[in-house]
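For reference, the structure discussed in these notes is given below.
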Amino acid sequence: MALDRRGFLKFIGGATAGILATPVVWKGLDDVSIWSQNWSWIPRNIKGANSYVPTVSKLCPTGIGVRVRLVDGRPVRVIGNPEHPLSKGGVSSIAAAEVQMLYSPARMKRPLKRSPDGAYVMISWEEAEAMLLDGLKAAKGGDALACISGDDNGTINELLSAFVQQSGSKSFFLMPGEAQPAAKAWDLMGGEGQIGYDIEKSDFVLAIGANVLEAWGTAIRNRHAFGASHPHGAEPTAQFVYAGPVLNNTATGADDWLPIRPGTESAFALGLAHLLIKAGASSSAPDFDAFRSLAASFSPEKVAAQTGVDAKALTALAQALAKAKHPLVIVGSEFSQGAGAAPVMAGIALNMLLGSVNRDGGLRALPVARKVVPAGMDRKAMLQQDLTLWASAIASGKAKAPKAMLVYEANPVYALPQGSAFKDTLAKVPFKVAFTSFLDETAMQCDLVIPVSMGLERLDDVCTPYGCGEVVYSLATPVTAPLFDTKPAGDALIALGGKLGLDLGVASFEDMLKAKAAAHGADFDKLAEGTAFTSRATVGANLSFRPDVLSKALDVKAPALPLALAPVMKLNMGTSKTAIPPFNTKTIRRWEVQGKEGYVMLNGATARKLGLAQHDRVVLSNPTGKVTVRVNIFEGVMNDTVAMPLGFGHTAFDEFSKGKGENVMHLLAPSTEPVTGLAVWTGAGVNIAKA
């Protein structure tokens, strides 16, 4: 039977009506809907009682107090703690992701050992501890054992350094940061205790280089102070000025941004000192006359030529500082590492001229609690150890490699300047152990990987993070039992020390923290309930300007390359010890990374001079290394400067960080600051060419 068009349409219409009329199809769809809702990988709300547990983020370098929301005992979210002095209700992008990272598929779940073919295999804790014991027995005496810690301010550093020193070695190192050059500068100028910056009570904050509203020091507390001084709909009660090479988040939020070239912070500060002295500022310090002579050589015109700042703007800034009732000057690195002591000394000198030392709203000398591990280093001794110079000496063959190395929650292969050189250093060490929660670049080079419980799963502490204006001591308390077969490192090290016959002087990690709380004068029980200990006490500050040191320390030779390199640090892109949290990938902008390609920023004038356009693929190179990236034209960058974000270019960790963009640390090489001997790497330069 032939089927014409009309008949075909009737047939289709009838079939459709039949399908719609029969219950079989609808019943099938209903069954599929119910069945698919029960798939195990479909996210679903947890039923149960809500509770909130106060603790401290050990992942965020700002040391903020947080509250963790639990549903039926399961951590689900981190929020700020309004009662904590470093949070005041705020939370950083790193701390906010801490709960999510607890459940990350990339977490270390069991100990791993490297097999002869280079692959990692899971082993039991018993096998791991036996392997650790055997490896460390061979590393006694004569600097045979080294340890690197990525914990900026925890008491566990006393335990780790005691472990090293009891083994006969002095090779304990913290990862580089802002605290080390500041401690060196403070010590050279005669300061006692720890430098603090009283941002909350200042009416004029000048940040030179230091990215105070994003990644420097106690950034969340700083942001709260900025917000409190800038009420909506009312006149600000304080002025914030930022001087740096890039319109970063601090420059964007500040009342004024003064662009200056990377690595010229000292000259900028001494130019201000000259103008203040010329206007009548003085000091009772014994070497004031010599400092005045040094500062006089930094005229506004000379400073303008060195830094790129307009001489009139510099003069206006000096006048504004002089008029302020509670001025405060903070000098640091725009990416929180690599600066020498000289810029900090110049900043302290400015505070001395402004009469801002040890008074409200100024620079304050904070007491440091005594050490509680008898065999360990105190805070001052730790900050005098220079990891970068030590690693360079081993890589070059000038120093002997240790027989064993412990790396605690640190990733030097990724985060040190010339990290690939540190990889070569590690290769010279026969036995390497990583204590970590993730299989990062450094762990991938180790013989044994010990899975450490994350901060939300363990007892730990935070002692006055660098930059804080008062003494703050906080306790991290576990909000959940370890989710995987992990252990906190503290008690494991104490037990291991006992088996090795080391006299660490502590019976348990909790006892050690109780002793540290007592050393602060704090109540341990209140700390455990989430109440931070605070104190506005100060120690003496009989300071000298030390122009004899400062004049020579300024003489750091910048490489003669066409473009200055300005690394940019943002907490949402991770830190030196953690990669980009998965939640934070949503906060990365289109012109920071696209797919696997990273971007650098140049302003329009610089791009035109180089014949470059938006999205061009280029190679940045210098004697240290080279990277291939794309160009983003951004007018918030100094002329003849290329800005490059930190946090990209991971070769390990997880799928959210690995293989995306390039690591700016490949372009940074340390040089030595004259007189102080510190390693510095803030004054790098690069060539640029189309790829």
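Structural remarks
- Qualifying residue in segment 377-389 (condition: among the small types (Gly, Ala, Ser), over 25 Å from the mean Cα position of the chain (by Cα) and within 26 Å of Ser149 (Cβ to Cβ)): no
- Residue that is part of a loop (DSSP other than H, G, I, E, B), under 25 Å from Leu70 (Cα atoms) and not charged (D, E, K, R), where the choices are Pro478, Pro465: Pro478
- Counting the residues of segment 68-95 that are closer than 19 Å to Trp216 by Cβ and aliphatic (A, V, I, L, M) gives 4.
- Residue identified as buried (at least 22 other Cβ atoms within 10 Å of the Cβ) and among the charged types (D, E, K, R) among Lys690, Lys609, Lys596, Lys660: Lys660
- Test: residue in segment 513-521 that is surrounded by 15 or more Cβ atoms within 10 Å (Cβ to Cβ), touching a helix residue (DSSP H, G or I) at 6+ places or on another chain (Cβ under 7 Å) and within 26 Å of Pro61 (Cβ to Cβ): yes
- Here is the figure for segment 259-316: residues that are open to solvent by less than 50 Å² (accessible area, probe 1.4 Å), in contact with an Asp or Glu (Cβ under 8 Å, 6 or more places away or on another chain) and assigned to a helix (DSSP H, G or I) total 2.
- Qualifying residue in segment 420-430 (condition: in contact with a Phe, Trp or Tyr (Cβ under 6 Å, 6 or more places away or on another chain) and within 21 Å of Val664 (Cα to Cα)): no
- With respect to the conditions (1) open to solvent by less than 30 Å² (accessible area, probe 1.4 Å); (2) closer than 27 Å to Glu470 by Cα, Phe533 falls short on a single one, namely (1).
- For segment 565-587, the set of residues classified as out of contact with any Phe, Trp or Tyr (no Cβ under 7 Å at 6 or more places or on another chain), more than 22 Å from Gly63 (Cβ to Cβ) and open to solvent by 30 Å² or more (accessible area, probe 1.4 Å) consists of Lys586 only.
- With a requirement of 2 or more residues that are within 29 Å of Asp152 (Cα to Cα), touching a His at 6+ places or on another chain (Cβ under 7 Å) and modelled with pLDDT of 95 or more, none of the strands (runs of 3 or more DSSP E) lying completely within segment 550-623 satisfies it.
- Positions within segment 213-250 being part of a loop (DSSP other than H, G, I, E, B) and more than 18 Å from the chain's Cα centre (by Cα), in sequence order: His230, Pro231, His232, Gly233, Ala234, Glu235, Pro236, Thr237, Ala238, Pro245, Leu247
- Some residue of segment 484-492 being open to solvent by 10 Å² or more (accessible area, probe 1.4 Å) and either on the phi > 0 side of the Ramachandran plot or modelled with pLDDT under 95 (or both): yes
- Residues in segment 422-443 that are over 21 Å from the mean Cα position of the chain (by Cα) and among the aliphatic types (A, V, I, L, M) were compared, and the one that is nearest to Lys113 (Cα to Cα) is Val433.
- A Cβ distance below 7 Å, combined with a sequence gap of six or more or placement on separate chains, defines the contacts here; from segment 228-254, residues that are under 19 Å from Gly347 (Cα atoms) and assigned by the TED database to the domain that holds His326 reach residues that are hydrophobic (A, V, I, L, M, F, W, C) and assigned to a helix (DSSP H, G or I) in the pairs Phe240/Phe226; Val241/Leu317; Tyr242/Ala251; Ala243/Phe268; Gly244/Ala251.
- Residues in segment 669-687 that are on the phi > 0 side of the Ramachandran plot and open to solvent by 40 Å² or more (accessible area, probe 1.4 Å): Val675 only.
- For segment 144-151, the criterion of being touching a strand residue (DSSP E or B) at 6+ places or on another chain (Cβ under 6 Å), open to solvent by less than 10 Å² (accessible area, probe 1.4 Å) and either charged (D, E, K, R) or at pLDDT below 95 (or both) is met by none of the residues.
- For segment 509-543, the tally of residues that are part of a loop (DSSP other than H, G, I, E, B) and either touching a Lys or Arg at 6+ places or on another chain (Cβ under 9 Å) or touching a residue at least 40 places away in the same chain (Cβ under 8 Å) (or both) stands at 13.
- Within segment 1-57, being modelled with pLDDT of 75 or more, under 18 Å from Val76 (Cα atoms) and among the basic types (Lys, Arg) holds for one residue alone: Lys47.
- Test: residue in segment 153-173 that is under 13 Å from Leu496 (Cβ atoms) and assigned to a strand (DSSP E or B): no
The values are calculated or read from the model by the stated rules, or taken from the named source; none is laboratory data. Computed from a prediction, not measured in an experiment: that's the story for all the values here. Heads up, the Cβs are rebuilt from the backbone with ideal geometry, glycines too, and the neighbour counts pull from every protein chain shown. These area figures cover heavy atoms from the full protein model, side chains too; ligands, DNA and RNA do not enter into them. Shrake-Rupley method; radii C 1.70, N 1.55, O 1.52, S 1.80 Å.
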